[in-house]
Amino acid sequence: MTTPGVGIVAAQRASFNQPLALQGGSVLPAFDLVYETYGTLNAARSNAILVCHALSGNHHVAGRTADEFGKPTANIGWWDNIVGPGRPLDTDRFFIVGVNNLGGCHGSTGPASPNPATGKPWGADFPVVTVEDWVASQARLADHLGIDAWAAVMGGSLGGMQALQWTLSFPERIRHALVIAAAPKLSAENIAFNDVARQAILTDPDFHGGHFYEHGVRPVSGLRLARMLGHITYLSDDQMAEKFGRRLRVGAGSYGFDVEFEIESYLRYQGDKFAGVFDANTYLRMTKALDYFDPAQDYEDNLARALARARAKFLIIAFSTDWRFSPDRSREIVHALVHNGQAVAYAEINSAHGHDSFLMDEPHYHAVVDTYLKRVKL
Amino acid sequence: MSATAGGQAVQMRADFDLIASWVQPGERVLDLGCGDGSLLKRLIEERGAKGYGVELGDAEVLAAIGKGINVIQGNLEQGLAGIDDQTFNHVVLSRTLQTVRHTERILSEMLRVGREAVVSFPNFAYWQNRLAVMGGRMPVSEDLPYEWFDTPNLRFFTLLDFEALCAKMNLVIRERQVLDEAGRLVTEEPNFLGSLAVYRLGR
């Protein structure tokens, strides 16, 4: 994509003082959400698109943040390649909102925020939040922004689950749902991966039962392992073979356990980078939200019945080499919608990048999103 | 499916005219190999149908999405596998049966997910095709527009062949219409004078 993006962006903060009853039974007395916006909300307030983030994402979807001198930094939004003037999420036409989810670690109220009851960080006491809770909190943000109904809600992976949940929690407040590289619920294998990741964190001596903030430490090694494991599952076998193969970083093997293979180097780098900035309690909660998501659960596992109340039109997209959220899982959503006679288009993109494909600039993928959104009436 | 020749475009409309006349308002139609969604768009706009399409090609899927069609990307068998029994009033397979490897399976699947299968295909026994083979060459025509070395067609069959298969599979032929290369209805000697056949099948 050669067009310039949205330029320098800055986060905003919205505070909500009405209590939010959570699915798990607890009540958050008040919370903040940080968000970014790109483009301009039109007079009819009909051109807003909410972009929901996945496990490790945040509200910084597009553009670059500024340094203290107002100069753009290297901190570019995680989905910048799809948002901007002339890009599929065209900011000349749409008003795009990115939000950091409740329980996150990028400014919205989360485990590192002060617990009003104690004045100390919530830590382990921060409630487990679900996809339904996120959508409920995002609806408060929509109210705050004066948006009655989103033109579209869009997301990849866990973000796609939120887009799907929007159609069920607030059928009248979402006109299009773009559900990308997602699934109607996790498989046992997927939950298993998440649990190994959680165990890595929970058994780290620096975790301190989730109250590590007061000990002045962070469970870096557990978080690092969790991220390394996750990363393996986001890539495809072919892509790993092509990108790293069995190449060694230095000439020959040393018959030890230092970094030797390129893939080891890559994974450790990714793990270190992530563990340096991400909050372990947030990671635990994000993976739990993934595990719990199952809209068909209350409908005797009948997804079609669960989706029947949706009024939105759907664009479902899956990627050929994504084995964590495979095309078969997206087709389950498609077939449920077809069963109900609901509006749905489904594109299956040939891509080498596994689950991470949804973040890539694949021409057919972006063309599908672009073409679909061009038909969205404002 | 490319409507390269003008004649095929004319006949394609005749093909679509027939199919459109069979769809009642509000009925649910699945178009297998829906291309850019032209037929579905017509059925939705003119007949008030609820339409879905299955299509494999990226460019066609993109074009169908651009028309606002409910298009599902995948091959025909994938496209049908997850769809519940008797979801559709009509399942259309237009000019595609000759490219499908598992002929019996696709016909069975069409009548599993739909109450009626609408199938059109080029008639290999059309007199001009017979003439071409008599002259020693494989036919190239409006309905068989490919050379032998680049054709996507796997099966070459006639009206009589197809009806024998329907009998073997216990499929009921509810209606048959046969068109010539100009898209006119053929009533006499259809297996000789007909270039394209359109069938409505049931159980």
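Mind listing whichever residues of the stretch B:14-39 are assigned to a helix (DSSP H, G or I), under 27 Å from A:Tyr372 (Cα atoms) and of a type outside the set (S, T, N, Q)? Passing the criteria: B:Phe16, B:Ala20, B:Leu39. Scanning the stretch B:57-75 for residues that are open to solvent by 40 Å² or more (accessible area, probe 1.4 Å) and outside any helix (DSSP H, G or I) yields B:Lys67, B:Gly68, B:Asn75. Among the residues of this structure, B:Gly35 does not count as one that is open to solvent by 40 Å² or more (accessible area, probe 1.4 Å), small (Gly, Ala, Ser) and touching a residue at least 24 places away in the same chain (Cβ under 8 Å).
For the stretch B:80-111, filtering for residues that are open to solvent by 50 Å² or more (accessible area, probe 1.4 Å) and either of a type in the set (S, T, N, Q) or part of a helix (DSSP H, G or I) (or both) leaves 4.
Is it fair to say A:Arg324 is open to solvent by 10 Å² or more (accessible area, probe 1.4 Å), away from chain B (no Cβ under 11 Å) and closer than 25 Å to A:Phe244 by Cβ? Yes, satisfied.
Restricting the stretch B:37-81 to residues that are more than 15 Å from A:Ala345 (Cβ to Cβ) and charged (D, E, K, R) leaves a set whose member that is nearest to the other protein chains (Cβ to nearest Cβ) is B:Glu77.
Given the options A:Trp150, A:Trp134, name the one that is of a type in the set (Phe, Trp, Tyr) and under 21 Å from A:Lys313 (Cβ atoms).
Every option except A:Trp150 fails the conditions.
Among the conditions (1) of a type outside the set (Phe, Trp, Tyr); (2) open to solvent by 30 Å² or more (accessible area, probe 1.4 Å); (3) at pLDDT below 95, the only one that A:Leu359 does not satisfy is (3).
Candidates in the stretch A:331-378 are the residues that are basic (Lys, Arg) and not in a helix (DSSP H, G or I); of these, the one that is farthest from the other protein chains (Cβ to nearest Cβ) is A:Lys377.
Scanning the stretch A:80-111 for residues that are part of a loop (DSSP other than H, G, I, E, B), farther than 13 Å from A:Thr37 by Cα, under 19 Å from the mean Cα position of the chain (by Cα) and of a type outside the set (Ser, Thr, Tyr) yields A:Pro88, A:Asn101, A:Leu102, A:Gly103, A:Gly104, A:Cys105, A:His106, A:Gly107, A:Gly110, A:Pro111. I'd like the full set of residues that are touching a strand residue (DSSP E or B) at 6+ places or on another chain (Cβ under 8 Å) and surrounded by fewer than 18 Cβ atoms within 10 Å (Cβ to Cβ), limited to the stretch A:17-44. A:Pro19, A:Ala21, A:Val27, A:Ala30, A:Asp32, A:Thr40, A:Leu41, A:Asn42, listed by residue number.
The values are calculated or read from the model by the stated rules, or taken from the named source; none is laboratory data. Model, not experiment: these values are computed from the prediction. Note that each Cβ is placed from the backbone with ideal geometry, even for glycine, and that neighbours are counted across all protein chains shown. With ligands, DNA and RNA removed, areas are computed over all heavy atoms of the protein, side chains included. Shrake-Rupley method; radii C 1.70, N 1.55, O 1.52, S 1.80 Å.
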